[in-house]
Each structure stands twice: as C-alpha cells, then as structure tokens.
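These notes concern the structure reproduced below.
Taken together, the values in this text are just the output of simple stated rules run on the coordinates, not laboratory data. All values derive from a computational prediction rather than experimental measurement. Virtual Cβ from ideal backbone geometry, glycine too; neighbours counted across all protein chains shown.
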Amino acid sequence: MNRPIEKPGALDLPGIAAGRLAPESCALNFTDAHPPLNPLQALLEAERCYYCYNAPCIEACPTGIDIPHFIQRIAQDNVLGAAETILDANVLGGMCARVCPTENLCEGSCVRQTNESKPVEIGLLQRFATDAYFAAPSKPIFTRAAPSGRRIAVVGAGPAGLSAAHRLAALGHDVVVFEAHSKPGGLNEYGLARYKTPDGFAQREIEWLLSIGGIEIQCGKQLGRDITLSGLVEQYDAVFLGMGLAGVNSLGIAEQQLVGLQAAVDFIAELRQAKDLSAVPVGRRVVVIGGGMTAVDAAVQAKKLGAREVTMVYRRGAEAMSASAYEQQWAQINGVTIRHWAAPREILGSDGFVTGAVFAVTRDENGKLVETGETFTLEADMVLKAIGQSFVAEPLDLSLALEKGRIATDPSGQTSHQKIWAGGDCRAGGLDLTVEAVEHGKQAAIAIDAALRA
Amino acid sequence: MADLSSNFLGIKSPNPFWLASAPPTDKEYNVVRAFEAGWGGVVWKTLGEDPHVVNVSGPRYATLMGPDRRVQGLNNIELITDRSLAINLEEIARVKRNWPDRAVVVSLMVPCQEESWKRILPMVEDTGADGIELNFGCPHGMSERGMGAAVGQVPEYIEMVTRWCKQYSKMPVIVKLTPNITDIRFPARAAKAGGADAVSLINTINSIMGVDLDTMIMSPSTGGKGSHGGYCGPAVKPIALNMVAEIARDPQTAGLPISGIGGISTWRDAAEYIALGCGTVQVCTAAMVYGFRIVEDMISGLSNFMDQKGYASIADFQGSAVPTVSDWRYLNLKHIDKAVINQDLCIQCGRCHVACEDTSHQAITAFKDGQRHYEVKEEECVGCNLCVSICPVPSCITMKSLKPGEVDTRTGETVTGEYQNWTTHPNNPMREVTA
Ligand SMILES: Cc1cc2nc3c(=O)[nH]c(=O)nc-3n(C[C@H](O)[C@H](O)[C@H](O)COP(=O)(O)OP(=O)(O)OC[C@H]3O[C@@H](n4cnc5c(N)ncnc54)[C@H](O)[C@@H]3O)c2cc1C
Ligand SMILES: Cc1cc2nc3c(=O)[nH]c(=O)nc-3n(C[C@H](O)[C@H](O)[C@H](O)COP(=O)(O)O)c2cc1C
Ligand code: SF4
Ligand code: SF4
Ligand code: SF4
C-alpha cells in the first residue's frame, strides 16, 4: 500500500484541528488492533488448549464460558458448536472477545502461563468462533420458551440491558428497552475504543441479538424525562436498570469553561460516531488525566488521529493504574508518554482556549498520597479528563438504596425495591467491564424469571 | 567419534540408515540424490516382470496429520515399479558401480512360480547389487494378483520362494515381512527355514484413511472409488517394534539378522530398533515428508547419542533391550509402583485427576482446602501410569517403586522384594505348583 499523502504541516497545526492525517492514514490507524485468526491459526491455537478439568480460565470468566469445550469444538471443526457454547453463556461473546482485558481474566489464569508465559489465545479463539458463526449462521442458537404473558421493562440498551433483555426474551417474557440515546449499545456503541470494534460490529451484533424476538427497543426515551421509574414499576411486571454511569468525575480543582478541556468519554463518543475520522478534531498536544482503560483509549485514539504529542498523567505508580500492564504497554507502543506520580493542580487557558496544565509531583507516604511541593507544566491544547465516571441517581423517582454512590443489590441484582433489578456499571461493587455487565444482565434475568414464576 | 558403519550379511554401508524400497528408491535420479545426502544404502523400488505394472493416475497417498500438520501416518496405493525391468537393471548396475561404498539391495516381486524367480535372479546378480529383498509385504493391488502380502501371509510360500532364491543366486536374501498377519513369528520362521539370511519388517498395514463426509466417498479415491492402501509412518512404529522384538526373542529365529522398518523419523527411533536387535534400519515416510536431507539429522543424533553413552559401534548396543522383552505371565506381580506428582512442576490442568477419576482408580485429588490441588492418593493408586502418560508437563508425574519393607497402602501388604509372577500366583487356576 502506498503511503497516503498527508496534508503538509497538518500535524503541526497549533490548537485543535481536524484532518491532521489524510483520511486513508486515519482509516489505517483505526483498523483492527488485533487482527482475527485465520482458520489455520485458529486450529493451531485451539490445539494448544489442554482441555483442563475444572478449568481455571472458566472460573476467571465473569460469564463462565466453558472455554475448554468451545476451544475443543474449534479444534474439531465445529464452529457452530463453539459459538453455541460461547453465546449461551455470554450473548455478547463476540464483543467481549474483542474488548475483554483477557490478560486479567481468562488468559491471565490459563495454565499455559505457568511454563510458557504464553496463554492460549482465548479471546482471539472466541472471536474466531463467533465471527465464523455470524458470517454464516447455519441455524439460530436460541429459541424462546413458551410465552409467559409477563412484560418487563429494561432501562438502558448497554451490554447489561441487552443481556438482560435477551435472556428474559429467551425465557418467554416480552421486553421493552428504553434507551436515552438514538442508538442502542451503550458504551459498546459510544465508548469502547474504535480499533477494538471496527466495521460497525456493535450494531451488527445487536441486530443478531434482537433476532430472538420479543424485544422492543425504544430509542430516545430517557428515564426521568420521558418515563418514570414509578410508572414502569406500575406498568410492568419487573424492571431492570442498566443505565451505566452518566456522570464524569471532576478533577477536584477549578475547571473553567475552556475550549479543549473535555471529558475523555465525550471525545471518544464523538470519535466512535464519526463517519470520517479525519474530520474529528484533535489537539496538537494532548494531555490525558487518569490511569484507567478510558484514559488509555482516549490517549491512544488521540495519537492515532494525528496528535503530535500525547501524555497520560497519573497520580500514582504504574502498578496502581487500573489499566492493565498490557494496556499501558499498548499506549506506549502507540507513542503515548505516561507520566506517573503527578496530580493536576491547575488548568491553564487563554482567550477561552486551553493552553496547558500544571501538575503537582506526588509520592506515596505510608500509603498516603502526598504532594512533594514540586510542580511542572505541560503545554497542551487539549486536556481530557479520565479519572472515572459516576452514577447519576437523579432520574430515579423511587428511592433505591445506594452503596458508594451506585445502586446496591443482592448477588442476583435485586435492588432494595422488590420489582427492580440493576446490573452493569450502575450496580455497586463491580469491575466496570463489558463482560461483567453481560453477566449481571443474565443473572438478573434468571432471578426475575424465577421471581415471576414463584 | 562413534563408528556408525554397518556390516549386515556382509553388505557394508557407512551408516545403518537405508532407504526402504519405495518411491525414494524408484530410480537412479533419486538414489544418487539420496547417496549424495548421506544415506548408507538403499533397497531399490521393487522390480517385477515385464510388462511393468501401471499405477492409478489419481491420488496414491493420504496422510493422518497432527495439529501442526505434522504427518503421523501415510497411506499409499502405489504398486511396484512401473518402469521396465531393463531400465531398472541398467540403472542399478550404474549406481552400484559409481557408489561402491553404499549398500544397494534389490527388492523383487514376481509370481510364485519357480520359473519366474529363476529367470530374474541372474539378471539382478549381474548388476553387481549387494543382495535381494523379497517383497512379501505389499498389501494392496499386488496381493490381489497372488503376490506381495498374499505370499507373506502363507508361511509355506515364503519358505518355498526363499529356497528358490537361495538356490538360484549367491546373493544374500532378505525376506521382507508383512504385518498383516496374526503372529509374525510364523512367517519369520518360514523365511529362516527357507534359508533366508535376514528378515526386514514391517511392510505397510492395510488401511483406509477416511471418508469424505460431503461426498460420502472413502478417501483417497480415484474417480469415486478407493481401495485399501498400506499404512506407514510414525504411527506404525510401535506395531513394528513389537514384531521386531518378537522375532528377536523367539528361540527359533533368535540371531536371525533383522533390518528394522516402520515409522523411523529420528535417530531415537532408529536407536530403539537397533536396541531391539536390528542391524540396519530402513526409512520411507520420513524421506517422503522431509526429503533426503533428514538423514543428516539422524546421523548426527545417533552419533552424538553413541558418544554420550560410550558406544563405539552399532554392535555395542544392538539387541541390548531384547532380554527385557518378556511375556506378561513373567512380570513381577510383587513389584509395586506409585505415581508421584511434583507440585513444583504441576501447572494444575487437572487432566490427571479426571483421567484417573473417570477411567482408572480415583487416586488423584482435585481439591485441597478448597484450592485446586492434584495429589496422588497412594492408598488408591495401582501404578497404572495413565496419569504419567497424559500429563502435559514432562517429568511432572513420575513413578516410584516401593522398596522392600515399605507398605503398599492400597493393599496393606509389605513389599518383600520377592518375585512372583502369574504362573505361580494363587489366583491362577492353572498355576504351576511347586513341590
Ligand atoms: C472509554 C471506555 C472504554 C472502555 N473499554 C472497555 C474495554 O475495552 N473492555 C471492557 O470490558 N470494558 C470497557 N469499558 C467499560 C464498559 O464499557 C462498561 O463496563 C460497560 O459498557 C457497562 O455496561 P452497562 O450496560 O452497565 O452500561 P453502558 O454501556 O454505559 O450502557 C448504559 C446505557 O444506558 C443508557 N442510559 C443511561 N441513562 C439512561 C436514562 N436515564 N434513560 C434511558 N437510558 C439511559 C445509556 O445511554 C446507555 O446506552 C470501557 C468504558 C469506557 C468508558
Ligand atoms: C508409496 C509407497 C510405496 C511403497 N512401495 C514399496 C515397494 O515397492 N516395495 C516394498 O517392499 N515396500 C514398499 N513400501 C513400503 C516401505 O518400503 C516401508 O516398508 C514402509 O513404508 C514402512 O516404512 P516407513 O514407516 O518408514 O514409511 C512402500 C511404501 C510407500 C509409502
Ligand atoms: S486454562 Fe488454558 S489450557 Fe486450560 S482449558 Fe483454559 S484455555 Fe485451555
Ligand atoms: S496432569 Fe500434570 S500438570 Fe496437570 S494437574 Fe496433573 S500433574 Fe499437574
Ligand atoms: S498411576 Fe494410575 S491409578 Fe495411580 S494415580 Fe496415576 S492414573 Fe491413578
């Protein structure tokens, strides 16, 4: 492939500008971060699996996919059987195969780590099986149980809501999903890094998920604005809340209204929705504050859009970052500079535009984070905040018990209200991962079904 | 450096690696390339009477493959040489003349009539070839015409034809045996009775590779029909080793020189055949998969192995393992082995547990204090070696033998160090009662 012609000087344009890279360059940068396995590679990789008994990888998968079984089925040239195993446990197994931090989950506990530091590539194999199935779905995997006559409302069409809706539909219930956005998918559609989910996979997956029937999605319906929780409780037999986290944590310092000071999730959402990536504006020098997955994704995607310098600043050391070591490396090989032990002190601006940020150097003193007194300034024309999101309870007109600001539930997902379940990021005490949201939705559906049939 | 040279029936070769009679030895071109690569000898592709046979022009081969497409077994339906006798003889003479230090043995298969053998033997002798190998093994095609395995399956025919060969030629006679028979000792004894100087084995095993499940046609097939072929390659080695050992330890054939064939791909395979009594080894599949250069690795490995073990020549370890091959009834029933898992090496895959739990003696734990943990329960272990055989980590599970004085916690019996086998065991109704 010929090197695309870049606009001369576009990389060096000061401020925030679109088109720093030619459209072809952008497109190239945002192709699959981890290309799929071809059939030969998949077969070989599948053969590496020891078919462990009571396999630790299954235990490490929040949705409990029977990994040795699905891998064995790939090895036996039975991708339909493999897809059945995967999707039955995790209806968004296709997306999870792309976005799960497998190094911390299944692959992290694969027994082949021990001697070889090279686990079976479970994620890529899962993708192989699900891709192959979606490409040629030889027969439907799910059928619905006999109609129960029950109707259940789901709020939020993110992974938690979709998973709950699907399982409920499978169990014979009718489901209506209310989604504030104009498209379903939640962070699958608006949040996950574009290079993990290229080619419109999120919507294709949802289309397949809905093919089970019995699920009606109403987009543009926001709880607290268009509908009320008390209303849902009245009209439906049960309610599942999968609203995610609508709030963005603030830096805890003065945040003036400046062009270029933005929440990382908003930057990513714009990028995910852009038809032409080269039309997405990005700073010449970008500073991302935070140390999680969102920070890494924002930083790397800024770099891939053509930002000249991207710096992630995190207030503690590498081991404390919630982004895994693998993700930190991913940021670094993509040209992102990571600075540890520094906390934001002041956002600098002039004429309404961001010009930089001042950071206080920190250190750990007996477990407490303290500032050393030293400071440094990073020049920037874009500062992205990625220090976490928070649950916004305002839309709830019924009071539900909260725990650390999120909805408190029992292990099945049932809230303090008997008819209301919750799951995904809005539920207290979770991992904030797509795969866990799917599991929450599935478990809540099973619990709702049991409650309704009791 | 170890001396790899071999003297088999007076046929000298710089190493014991010969190419078996098969496509690798089909013609001068191949054989010269093989000698250039370092092969010690060849058994020329089986000659027959004119007019020469014709092969199918469809698939002759099919393989059984391991995960990484490593060939484990090869199936073929090729016949004997499909070139005229004259051309073969001319090439054999030339090759032998140009490569005097290499073994050139000629494989033969003609109808079971004295005349046929009487006619071909002097022609072969005239080439200067070192010896002949009688192909009584080809299991497909030729056997339908009363030759190959059809002869090898009838000891009387083997003896008869061998005798003709000894009678009408001065060349050493090697009889190549078919494994498609219930007891290999009978054909070997017949060969010896007929005056054979040696036997070679095994030829290929009757086989069908599979079925194409889309067309429902057996494979490989030629125009919609197939016939069974002959199976060889690594998968057949254990079968061949047993047959070699049976002949080596049969009092009636003990000492009869053996050329070992079947699945030899590495120096280790070759060394095992030699340890079970073979004087040379023959290779076909490995050459067909990797080309002639594989012999260099076999020579290097065998030579380094012999140096490490202090074997100066092949004879130093030839047959060393034969006395260890016995009959089941003589195995020591008082000997007790127990499996031991090295916890530092165990990666906790759980395979040993489920294998023992589902199919052996429920002697391996799955948990200890709520944690995955695999440990042998000695009081249940019968020492069957299944866990050792399926553990993915080398040397992680080993067998330890209980010493005299130790108690077998499974039976409660103390190990005495005595030897007792089935022939005298109290549970044996036919036991030999000693005084
Ligand atoms: C930038 C970023 C990158 C990430 N990368 C990964 C990753 O690589 N791997 C991974 O496993 N996890 C990742 N995560 C986390 C993962 O996306 C979430 O854990 C997961 O999406 C949670 O699912 P959910 O269904 O609970 O919430 P969401 O996906 O947030 O979905 C909630 C849905 O509810 C809707 N909603 C909210 N309020 C209302 C309302 N009042 N009325 C109606 N609808 C409403 C929203 O519009 C949304 O569609 C990432 C998160 C972010 C922000
Ligand atoms: C394609 C093919 C053709 C063969 N042709 C002959 C033959 O003509 N004469 C013969 O004695 N054996 C023949 N054999 C058997 C081999 O000589 C040898 O005995 C057998 O392949 C086992 O050895 P291996 O496992 O090293 O291949 C043939 C084998 C193959 C694969
Ligand atoms: S732990 Fe690894 S080897 Fe074992 S079943 Fe899971 S993927 Fe396979
Ligand atoms: S098979 Fe081997 S590695 Fe696996 S649990 Fe047993 S001893 Fe450990
Ligand atoms: S040797 Fe056999 S009986 Fe003993 S632990 Fe291993 S598999 Fe079980």
Positive-end residue, chain A charge dipole about Cα centroid, Cβ charges, pick of A:I217, A:P411, A:V383: A:I217
Give me the inter-chain shielding for A:104-116: mean count of other chain Cβ atoms within 10 Å, whole number please. 2
Tally Lys and Arg at +1 and Asp and Glu at -1 over the other residues with C-beta under 14 Å from the C-beta of B:E28: what net charge comes out? +4
Kirkwood Rh, segment A:278-381, all Cα pairs: how many Å? 14.1 Å
Using modelled backbone amide H atoms (1.01 Å from N, in-plane), which distant-in-sequence or interchain residues come within less than 5 Å of B:S107's amide H? B:W44, B:L47, B:E133
For peptide B:341-349, how many partner chain Cβ atoms fall within 10 Å of a residue's Cβ, on average? 4
Would you work out the relative contact order for segment A:39-135, in percent, from Cα pairs under 8 angstrom that are 6 or more residues apart? 32 percent
Of the DSSP beta bridges with both residues in the protein assembly as shown, give the percent that are antiparallel, rounding to the nearest 5. 45 percent
How many Cβ atoms of partner chains, on average, are near each residue of A:265-271 if near means within 10 Å of its Cβ? 0
Mind ranking B:369-379, B:411-421, A:429-439 by how tightly packed they are, going by the mean number of other C-beta atoms within 10 angstrom, highest first? A:429-439, B:369-379, B:411-421
Looking at the square roots a ≥ b ≥ c of the eigenvalues of the Cα gyration tensor of segment A:16-175, which shape do they give, rounded for a/c under 1.5, prolate if a/b is larger than b/c, or oblate? oblate
Net charge (Lys, Arg +1; Asp, Glu -1) of residues whose beta-carbon lies under 12 Å from that of A:G64, A:G64 excluded, is -4
Crossing angle, helix B:85-98 versus chain B [Cα axis fit, 0-90 degrees, rounded to tens]: 70 degrees
Per its Cα gyration tensor (rounded if a/c is under 1.5, else prolate when a/b beats b/c, else oblate), segment B:6-324 is best filed as rounded
How far, in degrees from 0 to 90, does helix A:201-210 lean away from the longest principal axis of the Cα atoms of chain A, to the nearest 10? 20 degrees
Highest mean packing first, using Cβ neighbours within 10 angstrom, the peptides A:252-259, B:166-173, A:123-130 sort as A:123-130, B:166-173, A:252-259
What FRET efficiency do you get for B:Y290 and A:Q113 if R0 is 41 Å and r is their Cβ-Cβ distance, rounded to the nearest 0.05? 0.80
What aspartates and glutamates sit close enough to A:K368 to cross-link, taking a C-alpha to C-alpha distance under 20 Å and skipping anything fewer than 8 places away on the same chain? A:E319
The size of the Cβ-based charge dipole (Lys, Arg +1; Asp, Glu -1) of the protein assembly as shown about the Cα centre, to the nearest 20 debye, is 740 debye
Based on the Cβ-Cβ distance of B:S300 and A:N78, what FRET efficiency does E = 1/(1 + (r/R0)^6) give at R0 = 45 Å, to the nearest 0.05? 0.60
Sequence gap at least 6, Cα distance under 8 Å: using those rules, report the relative contact order of chain B to the nearest whole percent. 13 percent
What does the charge count around A:A325 come to, taking other residues whose C-beta lies under 14 Å from its C-beta (Lys +1, Arg +1, Asp -1, Glu -1)? -4
Charge dipole of the protein assembly as shown built from unit charges on the beta carbon (Lys, Arg +1; Asp, Glu -1), centred at mean Cα; most positive-end Cα among B:T182, B:P14, B:S227 is B:P14
Calculate for the protein assembly as shown the 222 nm mean residue ellipticity that helices alone would give, adding -39,500 (n - 2.57) per DSSP H run of length 4 or more and normalising by residue count, nearest 500 deg cm²/dmol. -9000 deg cm²/dmol
Is any residue of segment B:208-242 close enough, with backbone N under 20 Å, to a label point placed 7 angstrom from the Cα of B:Y330 along the Cα-Cβ axis, and if so, which? B:241-242
Between B:I239 and B:E114, the FRET efficiency computed from the C-beta separation at R0 = 22 Å comes out, to the nearest 0.05, as 0.10
How large is the dipole of chain A about the Cα centre if only Lys and Arg carry +1 and Asp and Glu carry -1, each at its Cβ, rounded to the nearest 20 debye? 260 debye
Rounded to whole Å, give me the distance from the Cα center of segment A:351-382 to that of segment A:239-259. 21 Å
Sorting check: for B:226-238, A:330-342, B:56-68, A:148-160, which peptide has the highest mean count of neighbouring beta carbons within 10 Å, and how do the rest follow? A:148-160, B:226-238, A:330-342, B:56-68
Using a simple charge model, +1 on the beta-carbon of Lys and Arg, -1 on the beta-carbon of Asp and Glu, nothing else, what dipole does segment A:249-388 show about its Cα centre, in debye to the nearest 20? 240 debye
How many Å³ per residue does the convex hull of the Cα positions in the protein assembly as shown occupy? 260 Å³
Amide H neighbours of B:Q72 under 5 Å, at least 5 residues apart or on other chains, H built in the peptide plane: list them. B:L64, B:M65, B:G66
Mean separation of Cα contacts under 8 Å, 6 or more apart, over the residue count of chain A: relative contact order %: 18 percent
